[in-house]
Amino acid sequence: MTANRLRGLIVVSIATVVAVALAGAGFTFLIGAITGATIAISLALAYLLWPLQGVRDAAAHIAAGDLGARIRERPPGPAGQMADALNRVAQRFEEQMATASERQSRLAAALNSSVDPVSALDSEGRILFANVAFEDAFERSLEEIAGRPFAHVLADADVMDAIRASREQGLRNINVIEQPGRRFYQVVTTPISGGGEWAVLIVFHDLTDVQRTDQIRRDFVANVSHELRTPLAALKSVVETLAEGALEDESVAHDFLRRADAEVDRLVQLVEELLELSRIESGDQPLALQETDVAALLSEALERLRPQAERAQLNLTLELSPGLGLARIDGARIERAVLNLLHNAIKFTPSGGDVTLAAGREDGSLLVQVRDTGAGIAQSDLSRIFERFYKVDQSRASGGSGLGLALVKHAVEAHGGSVSVESDQTKGSVFSFRIPLKS
């Protein structure tokens, strides 16, 4: 006899016993029979519905988010078939949710790997997602801004109009904005189709370096024009003066020829420096590395400019740390870099001031410094002082091509080193460069 039949007989037997007991207790047989039948039906229903309890409990767990819940004890009959179907549905739902979660994780990982700030908005313009680059750029965590209108992060009228157009008209828009600190961004707002709650995607492309490069290019063209125009105008004036009769006066003619010769020298120097800078940047002029006595090189550079310093009534000193020894460098380029730094220091230091050339070994590098007590450099100019042709206001009218510091920077960087400057307009400037020393 199966367990199901045995369970059924037990129920019927209990019902019969209850009916007989009720009849023997003074109830009429009819009442006892009805009462016994009622109890029997109730017990039978309980017997039939008892297996569905497990189904109900499993369904409740799945509805509460426990996707791993299953009906472990399969009930008999149709209830068992229902349990099997529910288990299959739960299994498939769990697999689909796992797939969706994996896709979401991959999407979030991809967006967080982007160097461009990215944010997703809902149909009301509220922030639903922001990647790590977005948090860094705007210094706001996703927890702080989630659910807030985008205007709380960036209240830019053009960007807000673009977001509105993407939400309401499905248009893609591109705007360029400037943020505090001279940061430039290209903001691309794109409508999202089939993205669920995500309605608009906003991507920020950092154009700061592009804008800076473009500004340097414009300055370069303007500065080259300026540097070429001055000597060419002087030469033209000399030629016109000589042609108008000055050539007949020997003393005047010789004076104008000297002026012309000086302007030609200035043009030649400018062209040579431009060519050298171009060769260094392109790598067409490799370093001529050799073991060089650093102390001797610096001493020679200092002595070459000592007459100029004496004419300007400046104190020119050399400070060399013990043990400089030899260094594998391109001596000619480093000497020119030192000469450029010394020349600038002498030019902008008033009479009675001090110019010091110092060098030593520090943390495996050769450290060279040129210190002066002259006119300092404004903080706004320090970041651009090593650009080609860049001149601070105080030196615009002075001689020089404006390429000296650019040549210093490229010569040092060609050795794998770096340049820096510290300046105080009341105390003077310190130009430094470091070159790593290889054993």
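The values are calculated or read from the model by the stated rules, or taken from the named source; none is laboratory data. Keep in mind the model is a prediction, meaning the values are calculated, not measured. Heads up, the Cβs are rebuilt from the backbone with ideal geometry, glycines too, and the neighbour counts pull from every protein chain shown. In case anyone asks, the SASA skips ligands and DNA or RNA and just uses the protein heavy atoms, side chains included. Shrake-Rupley method; radii C 1.70, N 1.55, O 1.52, S 1.80 Å.
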inquiry  = Need pairs with beta-carbon distance below 9 Å; first residue at negative phi and within the stretch 137-152, second of a type in the set (Asp, Glu) and assigned to a strand (DSSP E or B); sequence gap 6+ or separate chains.
reply    = ALA137/ASP206
inquiry  = Please determine whether any residue of the stretch 230-248 is in contact with a strand residue (DSSP E or B) (Cβ under 6 Å, 6 or more places away or on another chain) and either open to solvent by less than 90 Å² (accessible area, probe 1.4 Å) or farther than 30 Å from ASP116 by Cα (or both).
reply    = no
key: Matching residues in the stretch 111-127 - criterion: being more than 22 Å from ARG183 (Cα to Cα) and open to solvent by 60 Å² or more (accessible area, probe 1.4 Å)   = SER123, GLU124, ARG126
request  = Filter the stretch 151-164 down to residues that are in contact with a strand residue (DSSP E or B) (Cβ under 6 Å, 6 or more places away or on another chain) and closer than 19 Å to PRO180 by Cβ and give me whichever is least open to solvent (accessible area, probe 1.4 Å).
outcome  = VAL159
ask   = What number of residues in the stretch 337-359 are closer than 11 Å to PHE431 by Cα, in contact with a helix residue (DSSP H, G or I) (Cβ under 8 Å, 6 or more places away or on another chain) and outside any helix (DSSP H, G or I)?
value = 1
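Suppose we keep only residues that are within 21 Å of LEU207 (Cβ to Cβ) and not aliphatic (A, V, I, L, M) within the stretch 128-139. Which one would you say is most open to solvent (accessible area, probe 1.4 Å)? Working first, answer last.
Start the filter on the stretch 128-139 by keeping residues that are within 21 Å of LEU207 (Cβ to Cβ), which leaves 130-139.
Filter once more, keeping what is not aliphatic (A, V, I, L, M): 131, 134-136, 138-139.
Values: ASN131: 0, PHE134: 0, GLU135: 48, ASP136: 109, PHE138: 31, GLU139: 154 Å².
In this case the residue turns out to be GLU139.
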Matching residues, the stretch 405-439, being under 23 Å from LEU270 (Cα atoms) and free of Cβ contacts under 8 Å to residues at least 40 places away in the same chain = LYS409, GLU413, VAL419
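Residues are listed down the side, and each one gets a yes or a no for (1) exposed (fewer than 13 other Cβ atoms within 10 Å of the Cβ); (2) touching a residue at least 24 places away in the same chain (Cβ under 8 Å):
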{"site": "VAL221", "(1), (2)": "yes, no"}
{"site": "LEU257", "(1), (2)": "no, no"}
{"site": "ALA260", "(1), (2)": "no, yes"}
{"site": "ASP293", "(1), (2)": "no, yes"}
{"site": "GLU300", "(1), (2)": "no, yes"}
{"site": "GLU303", "(1), (2)": "yes, no"}
Evaluation of GLU227 against (1) closer than 21 Å to LEU154 by Cβ; (2) at pLDDT below 80 (one fails), failing number = (1)
